[in-house]
Amino acid sequence: RPPALRPPRTLALADKVANRREQATEATCITEMSVMMACWKQNDFNDAPCAEEIRMFYDCVAKAE
């Protein structure tokens, strides 16, 4: 019995594949963000005592971009 669907061309593998860019799935700067949020929580969400943690988070984000 012949196949029901016939391909328009012969089935063969190509010599090259499509150039697809994979999206980065790994999150960055999670540690710095956690430290910054913990500092905010300890200081009633006041930025002044957490200036160093905020700076470290922004540095990490800039480096990741």
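The values are calculated or read from the model by the stated rules, or taken from the named source; none is laboratory data. Values in this document were obtained by computation on a predicted structure and should not be read as measured data. Cβ: placed from backbone, ideal geometry, glycine included. Neighbour counts: every protein chain shown. The accessibility values were calculated without ligands, DNA or RNA, using every heavy atom of the protein model including side chains. Shrake-Rupley method; radii C 1.70, N 1.55, O 1.52, S 1.80 Å.
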Quiz item: When the residues of the range 25-61 are filtered to those that are polar (S, T, N, Q) and in a loop (DSSP other than H, G, I, E, B), which remaining residue is least open to solvent (accessible area, probe 1.4 Å)?
Solution: Asn43
Self-check item: Any chance Asp15 is open to solvent by less than 90 Å² (accessible area, probe 1.4 Å) and either in a loop (DSSP other than H, G, I, E, B) or not basic (Lys, Arg) (or both)
Solution: no
Self-check item: Check on Pro2, at pLDDT below 85, more than 20 Å from the chain's Cα centre (by Cα) and either loosely packed, with under 10 Cβ neighbours inside 10 Å or part of a helix (DSSP H, G or I) (or both)
Solution: yes
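Just to be sure, is Thr10 surrounded by 10 or more Cβ atoms within 10 Å (Cβ to Cβ) and part of a loop (DSSP other than H, G, I, E, B)? Even if it seems obvious, please write down each step before you answer.
Values: surrounded by 10 or more Cβ atoms within 10 Å (Cβ to Cβ): no; part of a loop (DSSP other than H, G, I, E, B): yes.
So Thr10 fails the test.
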